[in-house]
Amino acid sequence: MATKNQVIQWLKWGAWVAVVAVIVYLLSKNEDSQVQDTPATEQSQTLASTEQATNQNSSQGTKSKEANLESVVMPRGMSNTVVRYKGFTVHFNKNLHIPNCVVYEITASEARGKRDREGDFTRDPKVAGCPNWWDYRDSGYDRGHMAPAGDMKWDEQAMNETFFLTNICPQDNALNAGMWNDIELKVREWARRDKALIVITGPIVDNNPKTIGQDMDIAVPEAFFKVLLATKTTPMRAIAFICPNRYCGGSLKSYAVSVDEVEERTGMNFFNSLPDDVENQLESTCNLNQWLNR
């Protein structure tokens, strides 16, 4: 029979084992809550996902958005870290050092924002793979915004955050100052008219891209896309644009495509929260006249 001292020793040992077990459990729970930058799968990676998200400025709040329509499903194996800013969300590729895409809603009132354009290009230290401003120096390319500063003139913080290099791609100046700027102006015009637009913008990168950068090999896109969904019109309308990363002459019509074509070029899936028949109809249509002649 165990002595009194042996029983006390067993109780002490049991207490220590229990403490260690609790500590191990708590540590494992903490690890589960951290950012995980894992390759994309075929499962939906929505903006509500926390395991692959870097949440910024959560204490200050973000705009109320139609989050389901802002969901983007990435192709299998694509590096994808979701970064939420005040006015937009970035799906960032740490291997290419550029965004896979950015997504946001712009309302009519936001499209009328009057703040002066301001901000300094800077690295976001919270995002792995984000380049520094000097990686673009003497590259021959502009630091091209995917979420334009002009779309965020409704708020100082929202505009400043467009200058994080998580939101930037190497872009030919002839495109950046030309057709791409024309499309961005149209987006704000259409948002004012149609009350609100969902906007998804990003690069199209080939399998062996040219790179720039002093410290990082930043992929240079071969083209850029912009996908638009008018959610407040009856019926809803969708259209997209693809512009090669060079001078683009001609009219806007030369670059208008269906959403389906962007999905085919990128492997991404947009608006999958819509009923299948509605999604299929919207994404297969490319009718620029519906947008221009209203």
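The values are calculated or read from the model by the stated rules, or taken from the named source; none is laboratory data. Predicted, not measured: the structure shown is a model, and the values here were computed from it. Neighbour counts run over all protein chains shown; Cβ positions are idealised from the backbone, glycine included. The protein model used for the area step is the full one, side chains on, heavy atoms only, and it has no ligands, DNA or RNA in it. Shrake-Rupley method; radii C 1.70, N 1.55, O 1.52, S 1.80 Å.
Here is the link list: K153/K210; K94/K253; K94/K153; K86/K253; K94/K186; K86/K114. Which ones come out longer than 22 Å on Cα distance? Beyond 22 Å between Cα atoms: K153/K210; K94/K253; K94/K153; K86/K253; K94/K186.
What the range 178-294 shows is 45 Å² of accessible area per residue, with the surface traced by a 1.4 Å probe over protein heavy atoms.
Ligands, DNA and RNA left out, the accessible area of the range 181-269 computed with a 1.4 Å probe is 42% carbon and sulfur.
With 0.36 nm allotted per residue and the present C-alpha distance subtracted, the E118-E189 stretch has 23.4 nm of extension available. Within straight-line reach of K195, meaning a Cα separation under 12 Å, sit the following aspartates and glutamates at least 8 residues removed in sequence or on another chain: E105, E110.
A simple spin-label model places the labels of D182 and D276 3.9 nm from each other, with each point 7 Å out along Cα-to-Cβ. Per residue, the accessible area of the range 81-150 comes to 40 Å² when a 1.4 Å probe rolls over the protein heavy atoms.
Once the Cβ-Cβ distance of D215 and A108 is raised to the sixth power relative to R0 = 30 Å, the FRET efficiency obtained is 0.10. Site pair D138 and R265 shows an inter-label distance of 3.3 nm when each label is modelled 7 Å from Cα along Cα→Cβ.
Comparing L185, M216, P235 along the charge dipole axis of the range 125-267, the residue lying farthest to the positive side is P235, per the Cβ-charge model. Evaluated with a Cβ-only charge set (Lys, Arg +1; Asp, Glu -1), the range 94-148 carries a dipole of roughly 100 debye about its Cα centre, given to the nearest 20.
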